[in-house]
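Below is one structure, written out as structure tokens, with a few remarks after it.
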Amino acid sequence: MKKLCLVISFSFLINCLNAQTEKAFVPNYDESKVPKFTLPDPLQTFEGARIRNQPDWESTGRPELLSFFTQQVYGEVPGSPESASSELIESSDNALDRIARRKQIKLTFKENGRSLDCHVLMYLPKGIGQAPVFLGYNFYGNHTVTTDTMVYIPQAWSRNNASFGVEDHKLTARSRGVRVNRWAIEEIIDAGFGLVTIYYGEIDPDRNNFQDGIHPLFYEAGQQQPSKNEWGAISAWAWGLSRVMDYLEEDQDVDSGKVIVMGHSRLGKTALWAGAMDQRFAAVISNNSGCGGAALSKRQYGETIARINNHFPHWFCRNFHTYSNNEASLPADQHELIALIAPRPVYIASAVDDQWADPKGEFLSACHATPVYELYGKKGIPTPEMPELDAPIHNTVAYHIRSGGHDVKEYDWKQYIKWAKVELKAK
């Protein structure tokens, strides 16, 4: 009986602690309750030295910030694997009712006697030679972005989603085309761009595991998870984007100098980090990326560091947990992540009903990254006053807040395409 009472008491204690934890994560949506904070100056080092010009930024400011985000937020990533190969597994010159070319590529990575495959889907415009492309991950498989029945269905683990026909963590034909609304493929093709997409779960399944996906290929003997300063899932996904970029540099149908990396939500965080680490990406688009993406962490508005680390402990490196409920101690914030992309174009997008992602915090990040862009003579966000709904700012640092919620809409793609045409032409 004593043992039973102890078990019941222990269970009661755990439930109470969990309830208190959840209570601590009640989001703040009241601007008057945003704590007062001093935003770090991207043109000042942690020791207070002033960054006055491009050489100062490139030799001092940028390396310091890149090291901070690497060691304390996203985690170190390895370089290229010891072996990487590509195989064209399917193609057609008459895809999407004959308006595009389709290519499906299997990439294979090998390291330490282990291997991992992933599949790249490409739709390219006809008759323009090497095409600029948008590169982005999808959430439920390449077959979900189109109704094209020729597109491969991934075998990798997936989050369940009954409305998409995903059960037992397996993707099937039932989910074909369920996300066509998020990918304006015909508009992209009509504008002279290509689309390159990959299922993010093939690089690293989105669960707190670290025993599948890319991580185990790089483990040392006996290692079961990344070290505290090593890559979480976001860094793993960013690593995968760089490996796709490796392939695109060799693909004669692609203008590898005009690859725009794009992501939504957690994959918007990934796009920003990939763009910061890998300067081969010509431009970066972050759609509704929120906490750990474009939104300022110190505002503690909507999703916070503690909330994201508690519910998605695998996304960031374990050192990032130091800042849970401790945003005041951050020596850098997300505007400086955006600054790391300079002088390349970057587009930050929000949605008015997506308060969880803190639209104002996303906008302010874009605004406060501007001084670094100005070192290069690039135009950023001219004022700290947010624009009106559906009134985009199309500068090298671009921003819009649209009507609606957490999603990728046709309106978003229209802005990205229009902006990319101008910015990549200028490049």
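The values are calculated or read from the model by the stated rules, or taken from the named source; none is laboratory data. Here the structure is a predicted model, which is why all the values come from computation and not from measurement. Because the Cβ atoms are built from the backbone with ideal geometry, glycine has one as well, and the counts that use them run over all protein chains shown.
D255 satisfies every condition listed in (1) out of contact with any strand residue (DSSP E or B) (no Cβ under 6 Å at 6 or more places or on another chain); (2) modelled with pLDDT of 95 or more; (3) of a type outside the set (A, V, I, L, M, F, W, C); (4) surrounded by fewer than 24 Cβ atoms within 10 Å (Cβ to Cβ) except (1).
Rundown of residues vs (1) buried (at least 16 other Cβ atoms within 10 Å of the Cβ); (2) closer than 30 Å to R52 by Cβ; (3) not hydrophobic (A, V, I, L, M, F, W, C), yes/no style:
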| residue | (1), (2), (3) |
| --- | --- |
| I348 | yes, yes, no |
| F363 | yes, yes, no |
| P384 | no, yes, yes |
| T396 | yes, yes, yes |
| R402 | yes, no, yes |
| A420 | yes, no, no |
| E423 | yes, yes, yes |
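The residue of region 99-145 that is modelled with the highest pLDDT, among those that are under 22 Å from W413 (Cα atoms) and loosely packed, with under 14 Cβ neighbours inside 10 Å, is K126.
Yes or no, residue by residue, for (1) within 29 Å of S80 (Cα to Cα); (2) in contact with a Cys (Cβ under 9 Å, 6 or more places away or on another chain); (3) among the basic types (K, R); (4) not assigned by TED's automatic domain parsing to the domain that holds R243:
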| position | (1), (2), (3), (4) |
| --- | --- |
| L121 | yes, no, no, no |
| L124 | yes, no, no, no |
| G136 | yes, no, no, no |
| Y140 | yes, no, no, no |
| T147 | no, no, no, no |
| P154 | yes, yes, no, no |
| S175 | no, no, no, no |
| R182 | no, no, yes, no |
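Considering region 370-423 alone, what residues qualify as being at pLDDT below 95 and either hydroxyl-bearing (S, T, Y) or outside any loop (DSSP other than H, G, I, E, B) (or both)? Within region 370-423, just T383 meets the criteria.
Here E374 meets each of (1) touching a residue at least 24 places away in the same chain (Cβ under 8 Å); (2) under 24 Å from D41 (Cα atoms); (3) among the acidic types (D, E) with one exception, condition (1).
Here P55 clears all of (1) under 24 Å from the mean Cα position of the chain (by Cα); (2) part of a helix (DSSP H, G or I) except the condition numbered (1). Residues of region 305-330 being within 20 Å of Q224 (Cβ to Cβ) and either in a loop (DSSP other than H, G, I, E, B) or among the aliphatic types (A, V, I, L, M) (or both), which ones? Of everything in region 305-330, those that are within 20 Å of Q224 (Cβ to Cβ) and either in a loop (DSSP other than H, G, I, E, B) or among the aliphatic types (A, V, I, L, M) (or both) turn out to be F312, P313, H314, W315, F316, C317.
Results for (1) basic (K, R); (2) crowded, with 20+ Cβ neighbours inside 10 Å; (3) modelled with pLDDT under 95; (4) in a helix (DSSP H, G or I), shown as yes or no for each residue.
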residue: E187; (1), (2), (3), (4): no, no, no, yes
residue: G201; (1), (2), (3), (4): no, yes, no, yes
residue: D212; (1), (2), (3), (4): no, no, yes, no
residue: A221; (1), (2), (3), (4): no, no, yes, no
residue: Q225; (1), (2), (3), (4): no, no, no, no
residue: K228; (1), (2), (3), (4): yes, no, no, no
residue: Y247; (1), (2), (3), (4): no, no, no, yes
residue: L272; (1), (2), (3), (4): no, yes, no, yes
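For beta carbons closer than 8 Å, sequence separation of 6+ or different chains, a first residue in region 315-338 that is touching a residue at least 60 places away in the same chain (Cβ under 8 Å) and within 22 Å of W239 (Cβ to Cβ) and a second that is assigned to a helix (DSSP H, G or I) and basic (K, R), the qualifying pairs are W315/R266; W315/K269.
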